[in-house]
Amino acid sequence: MSVRIGVEEEFHLVHVETGLPEPRADRVLEGLPGDLFTTELQQAAVESNSGVHTSLDDLFADLTGARRRLDAAAAAHGLAVVAAGTVPLSRPGGVPPTAGARYRRMVDEYRKVADEQLICGAHVHVDVPDRDTAVRVMCEVSPWLPALLALSASSPFWLGGDTGYASWRTMLWQRWPTAGPAGCFADAAEYDGAVRGLIDSGVISDAGMIYYDVRPSDHQRTLELRISDSCPRAETVVLIAGLFRALVSEARRRLEARPSARCGTRHEWLRAAAWRAARSGLEGGLVDPRTCRESPAADVVRGLLDKVRPELGAHGDWGTVRTLAEQALAEGSAARRIRRTAHGEDLRACTDLLMAETRGGGRGHRRLTGPTAMDFPPGRVGAKDSRTRPARVPGR
């Protein structure tokens, strides 16, 4: 059983001394291959595109290699890359958009929503045989996506203040007119008709502006997960990718057994479930898709593991995914680590933590062990930041 997966990761560019976003994506991307690294709406963010893999080990090696390569390119300009939903210190309005007619139109049309798009996500693509399957599976997997958001939550701070949320990126992202849970559609024709209607309404300009939590790709035969924050640790991305692939495979198996079945799940509660996950992360309750009632995050995540265990086993992922999930539940979300650092030190220290974890080191970062262990690349376990900056001003 070989179902291929790929990942798009978005990264903030920050000044290594101040921790503030720096709009120098064009300079950082010079010399990097355009099929692997590209720009985003804001000049202070860049995106990497992984290869296509069947093995989580290979995906992990790809992600960590891309991070090292991008970090080296940024370091040449006195910058660092941060994989997180938001950076603790930011200044919307001072970051110009990337050049181009499409981005210009987005800035002109959406104004402050676009101006404050200093957020980053991690997107996972899973192969599907056709668009009809993608649309039907989209509906089936949607109830479990808030649990994946909770695992990824890494954006508790915005403009230097604690938002009270584990994923403030989610709250910023949901201001776009097509963001949030996807509806239910019988097939690709029905879904594509709805997308054309949105374009014809003038609310969006093209299918690429469909920002649902999960969507069929408009140019590949994949289903794309979009709900997750960017994750400081590449291991978290691998965990989410493994779980999402298993969810897609489990839904496909059920639909193949009942080809004429229609979605029997009510979806009006999904936006509320995503809000709950954004608010709490792994540190509070989540809405359990099995009951639509609040349950401890650990119970929901372990319920997801139970649901997709046969598919994880079929892909050879059970040992890795179970280990990563239990570590995440034991250590808490990235949002928790960031807050703990802020309380013990300051927001500048939070940025240092995120820089280190993005590169593959940092406080609390552990080497994985288990039946399908993935080793860190040579020289990156607990790596220290050799770049220096002035002494930090307390509370800065």
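The values are calculated or read from the model by the stated rules, or taken from the named source; none is laboratory data. Just so we're clear, the structure is a prediction, and the values are computed from it rather than from any experiment. Because the Cβ atoms are built from the backbone with ideal geometry, glycine has one as well, and the counts that use them run over all protein chains shown. For the accessible areas, the whole protein counts, side chains as well, though only heavy atoms, and no ligand, DNA or RNA atoms are used. Shrake-Rupley method; radii C 1.70, N 1.55, O 1.52, S 1.80 Å.
Return the single residue from D62, D26, D35 with maximal mean-square fluctuation; model: Gaussian network over the chain, springs between Cα atoms under 10 Å.
The residue that fluctuates most here is D35.
Could you state how much accessible area K112 has, in square angstrom rounded to the nearest 10, with a 1.4 Å probe and all protein chains kept in place?
130
Do you know the relative contact order of the chain, to the nearest whole percent, from alpha carbon pairs under 8 angstrom that are 6+ apart?
20
Normalised by the number of residues in the stretch 225-347, what is the relative contact order in percent for Cα pairs under 8 Å and 6+ residues apart?
Relative contact order, the stretch 225-347: 29 percent.
Could you do me a favour and compute the accessible area per residue for the stretch 206-306, 1.4 Å probe, result in Å²?
Accessible area per residue: 41 Å².
Roughly to the nearest percent, how much of the accessible area of the chain is carbon and sulfur, given a 1.4 Å probe?
Carbon with sulfur: 49 percent of the solvent-accessible area.
What is the helix-to-structure angle for 131-141, meaning the angle in degrees between its Cα long axis and the longest Cα principal axis of the chain, kept from 0 to 90 and rounded to the nearest 10?
So the helix axis and the longest Cα principal axis differ by about 80 degrees.
Helix 101-110 against the longest principal axis of the chain: what's the angle in degrees, Cα atoms only, rounded to the nearest 10?
90
In vacuo Debye scattering of the stretch 224-304, one point per C-alpha: log10 I(q)/I(0) at q = 0.14, 0.19 Å⁻¹?
Reported log10 I(q)/I(0), two decimals: -0.58, -1.05.
Pop the C-beta distance of R293 and A99 into the FRET formula with R0 = 51 Å and round what comes out to the nearest 0.05.
0.55
Would you mind telling me which residue in S142, S201, S249 has the biggest mean-square fluctuation in a Gaussian network model of the chain, where springs connect alpha carbons within a distance under 10 angstrom?
S201
Hey, if you drop one equal point scatterer on each alpha-carbon of the chain and run the Debye formula without solvent, what base-10 log of I(q)/I(0) do you get at q = 0.10, 0.11, 0.12 Å⁻¹?
-0.61, -0.75, -0.90
Which semi-axes, in whole Å and largest first, does the equivalent ellipsoid of the stretch 100-246 have when worked out from the alpha carbon gyration tensor as the square roots of 5 times its eigenvalues?
One finds semi-axes of 24, 22, 12 Å for the stretch 100-246.
With axes computed from alpha carbons, what is the tilt in degrees of helix 347-359 against the longest principal axis of the chain, rounded to the nearest 10 within 0 to 90?
60
Can you pull the three principal axis extents for the Cα set of the stretch 142-195, in Å, largest first?
Computed over the stretch 142-195, the largest-to-smallest principal extents equal 45, 22, 11 Å.
For the chain, build the charge dipole from Cβ charges (+1 Lys, Arg; -1 Asp, Glu) around the Cα centre, then report which of G360, I338, L225 sits farthest towards its positive end.
I338
So what are the radius of gyration and Dmax for the Cα set of the stretch 65-140, in Å?
Radius of gyration, then largest Cα-Cα span, for the stretch 65-140: 17.3, 47 Å.
So, with +1 on the Cβ of K and R and -1 on the Cβ of D and E, and no other charges, what is the size of the charge dipole of the chain about its Cα centre, to the nearest 20 debye?
Around 840 debye, computed over the chain.
Across 10 Å bins from the origin, how do the percents of Cα pairs in the stretch 15-85 run, short distances first?
19, 53, 24, 5
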